[in-house]
Amino acid sequence: MRRRMLIAVAVVVAATAVFATQISAMATPKLVGTVGPGFTISLKDSHGKKVTSLKAGKYSFVVSDKSRIHNFVLEQESGGKFEKDLTDVSQTGTKTVTVTLKKGTWKYYCKPHEAAMHGSFKVT
């Protein structure tokens, strides 16, 4: 009887852990940004689709910076004021930043090459 009780408790604990992980993943969607190695910059959702519109809320930006001459900046152009360098010009690598997006028009760009390297999306 005790053995069955221990097994039942273990199953409940395991199921709770899996459920909590799924809820956490659902709560903060992941967006994938890439800058470089050439003169390219992109922002895609977790399915690899270019981001053009999102619902307001919290997002995890996972940015892969592949060049020491570029960076990845996120800016809210309308509907509020937000601007943040998610990566630095002098460094490469992957960085994760969580941002709460509010309604409006948002832009991502490389600060040294903004005229050529930029994209935008709407948040509703």
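The values are calculated or read from the model by the stated rules, or taken from the named source; none is laboratory data. All of these numbers come straight from a predicted model, not from anything done at the bench. As a convention, Cβ positions derive from the backbone with ideal geometry for all residues, glycine included, and neighbour counts pool all protein chains shown. Note: accessible area is taken over every heavy atom of the protein model, side chains too, but ligands, DNA and RNA are not part of it. Shrake-Rupley method; radii C 1.70, N 1.55, O 1.52, S 1.80 Å.
Select from the stretch 52-81 the residues that are outside any strand (DSSP E or B) and either farther than 15 Å from Val99 by Cα or among the acidic types (Asp, Glu) (or both) and list them in ascending order. Listed by number, the residues that qualify are Thr52, Lys66, Ser67, Arg68, Ile69, His70, Asn71, Gly79.
Of the residues making up the stretch 94-117, those that are in contact with a Lys or Arg (Cβ under 9 Å, 6 or more places away or on another chain) and under 16 Å from Phe82 (Cα atoms) are Val97, Thr98, Val99, Thr100, Leu101, Lys103, Gly104, Thr105, Trp106. Contact map, the stretch 35-52: residues that are closer than 26 Å to Ala115 by Cβ and open to solvent by 90 Å² or more (accessible area, probe 1.4 Å) paired with residues that are assigned to a loop (DSSP other than H, G, I, E, B) and of a type in the set (A, V, I, L, M), Cβ distance under 8 Å, separation 6+ or inter-chain. Pairs shown: Phe39/Ala116; Phe39/Met117.
Within the stretch 103-123, restricting attention to residues that are in contact (Cβ under 8 Å) with a residue 60 or more places away in the chain and farther than 23 Å from Ser67 by Cα, the residue that is surrounded by the most Cβ atoms within 10 Å (Cβ to Cβ) is Val123.
Taking only the stretch 53-89 into account, find how many residues are open to solvent by 40 Å² or more (accessible area, probe 1.4 Å) and closer than 18 Å to His113 by Cα. Residues that pass the stated criteria total 9.
Beta carbons closer than 7 Å, at least 6 apart along the sequence or on distinct chains, pair a first residue in the stretch 86-100 that is β-branched (Val, Ile, Thr) with a second that is open to solvent by less than 80 Å² (accessible area, probe 1.4 Å) and at pLDDT below 95 for Thr98/Thr28.
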